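Read the structure below first, then the notes.
The values are calculated or read from the model by the stated rules, or taken from the named source; none is laboratory data. Small disclaimer: the values here were computed from a predicted structure and weren't measured. Cβ coordinates were reconstructed from backbone atoms using ideal geometry, including for glycine residues, and neighbour counts include every protein chain displayed. With ligands, DNA and RNA removed, areas are computed over all heavy atoms of the protein, side chains included. Shrake-Rupley method; radii C 1.70, N 1.55, O 1.52, S 1.80 Å.
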Amino acid sequence: MHSVKLLILLLIASITLPAFSYGQDFDQKPLTVGFDTHTDLSTLRIQAFSGDWQMTCIPVTATSPARLATHSVIVEKTLSEGEDSVLMLIPKGLIGRFSNDKDLDSGFAKVVFSGGEFLNLEFPDMPPLLLQGKIEIDFVEKNIRILNSINTAQFVVSCASRIAIGNEPEALKAIITVIRTRLKYLLENPLHKDKPYDLCNTEHCLPFEGCGYNRELVDLLVAETRNKVITFKGKSIQPRFHNTCSGKISAASDIYGVANEPYHPAHIDAPDEQSAENCYHSPNFHWKIELQKFDVLDFLALAFAAGADKIYTAWEPEKIDNNGRIYQIALKGRRPKSVSGTEFLQQLQFHFGQNSIKSMKFNIETLTRTVIFKGMGSGDGVGMCLYGADGLAKKNVSYEDILKFYYPGTEIK
Ligand SMILES: [Zn+2]
Ligand SMILES: [Zn+2]
């Protein structure tokens, strides 16, 4: 009799344990991602892709306490597997349309989806978003906002599946550990303190696009490296990474002017000066692009002078590190100023596209009407080189040694 009781107690303990002990089990820690909705988003099609979803609709009046007593009717509905719904934002709040005409017309402040496996969200002019966990839909001014609550492991699988290149397990484990460490740093040092979410879904924090692109191999390797993070002197670091360094990694102190990241020094991305670079197989090792001069002037006006013509008539590199990366640009014209290389690159890619100018390591050739950029590498060149990690994994280097190579002085714990 006692042993049965004990068994039951043990079972209960083993079921409830993970929920209460995520402090030690970082991969089970819950977190909320807020989706960036800069664009006008007022209609959303929602489909219960897998499983039945519980819909909890919280009325607009619930947010104004004075009227709460008479109008606080929370509506509960089920969106069964395969069923569709459309949420629309109108002046009185969110309203819903169901395929089997159970309309929700009274105007809600928030709609919460939970309990199902996968929920598919479709927006006008954007790829669909497949989500798991809890999804809350509310609005800020005239835009629908999406909040997704999942756990750390689910976030890392999604993010690493999108960022990682190739199929080398040790390289994948390295990027998984980098993302988990960066996520830990962001949760400890949040960039959105005034918002109801822990991090945004863009590169500002870490890119996240739901679980629609999840890779099975990445899923397995996240479980294999469970809770592993990179530490420096006992503290988890803020690891930086980029696509291709083209043989030379730059120091965070040069590129970002930071003094507290000794684990981001400048070094070569090769076994020695005579050997081939670890990232030599990257398609971004060398690149070239020709731009029209007037397009470049247009870019200067839009990116740095709020669209005004003739404020900036030229630009030139002002500071270049020992590896040839430009980290400060001088804008010439009526209001001369300096901008950081990383900001300049971000603006260039926003204007001309991600695949235009890939890094700040380039030479310029000026012709009559055009400018030719001849460059090397992709990204900021600081921290781990993704193609370099792939190259090292191809030479049978373990993920711990890959991480120690790109983040010298650190430990994997
Ligand atoms: Zn952010
Ligand atoms: Zn490299």
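For the range 364-413, taking the reciprocal of the average inverse distance between every pair of different Cα atoms yields a Kirkwood hydrodynamic radius of 13.4 Å. Taking amide H as placed 1.01 Å from N in the peptide plane, Lys110 has its amide H under 5 Å from the amide H of Ile58, each at least 5 places away in sequence or on another chain. Taking other residues whose beta carbon is less than 10 angstrom from the beta carbon of Thr370, and scoring Lys, Arg as +1 and Asp, Glu as -1, yields -1.
Calculated on the alpha-carbon coordinates, the convex hull of the range 142-228 measures out at 99 cubic angstrom per residue. Couplings 3J(HN,Hα) of the range 44-50, computed from phi: 9, 9, 10, 10, 6, 5, 8 Hz, in residue order, whole Hz [Karplus 6.51 cos²θ - 1.76 cosθ + 1.60, θ = phi - 60°; x for Gly and Pro]. The alpha carbons of the range 286-376 give a radius of gyration and a Dmax of 12.3, 35 Å, in that order.
Lys and Arg at +1, Asp and Glu at -1: add these up for the other residues within a Cβ distance under 13 Å of Ile268 and post the number.
Values: positive: Lys248; negative: Asp269, Asp272, Glu273, Glu277.
Value of the local net charge: -3.
Couplings 3J(HN,Hα) for the range 394-401, derived from phi with the Karplus relation 6.51 cos²θ - 1.76 cosθ + 1.60 (θ = phi - 60°), are 5, 9, 6, 7, 6, 5, 5, 6 Hz, where x marks Gly and Pro. Evaluating 6.51 cos²θ - 1.76 cosθ + 1.60 at θ = phi - 60° for every residue in the range 185-197, the Karplus couplings come out as 4, 5, 6, 7, 10, x, 9, 10, 4, 8, 9, x, 9 Hz, glycine and proline recorded as x.
Distances between placed amide hydrogens fall under 5 Å for Asp380 paired with Asn243, all partners being 5 or more residues away or on another chain. Per the Kirkwood formula applied to alpha carbons, the chain shows a radius of gyration over Rh ratio, Rg over Rh, of 1.03.
Of Ser338, Met126, Asn355, which is farthest along the charge dipole of the chain in the positive direction, counting Lys and Arg as +1 and Asp and Glu as -1 at C-beta? Working it through, the farthest residue towards the positive pole turns out to be Ser338. The amide H of Cys200, built 1.01 Å from its N in the peptide plane, has Gly34, Cys205, Leu206 as neighbours under 5 Å, considering only residues 5 or more places off or on other chains.
Calculate, for the chain, the solvent-accessible area per residue in square angstrom, rolling a 1.4 angstrom probe over the heavy atoms of the protein chains.
On the way: 21020 Å² over 413 residues.
I get 51 Å² per residue for the chain.
Carbon and sulfur together cover what percent of the accessible area of the range 286-376 at a 1.4 Å probe radius? Working shown, then result.
Details: 2490 of 5240 Å².
Within the range 286-376, the accessible surface is 48 percent carbon and sulfur.
In a simple Cβ point-charge model (Lys, Arg +1; Asp, Glu -1; nothing else charged), the range 286-376 has a dipole of about 120 debye relative to its Cα centre.
What does the charge add up to near Leu89, with Lys and Arg as +1, Asp and Glu as -1, over the other residues with Cβ less than 11 Å from its Cβ?
Values: positive: Lys92, Lys142, Arg145; negative: Asp40, Asp138, Glu141.
After counting each charged neighbour, the total is 0.
Highest mobility in the GNM of the chain, judged by mean-square fluctuation with C-alpha springs under 10 Å and restricted to Gly383, Gly341, Gly51, is found for Gly51.
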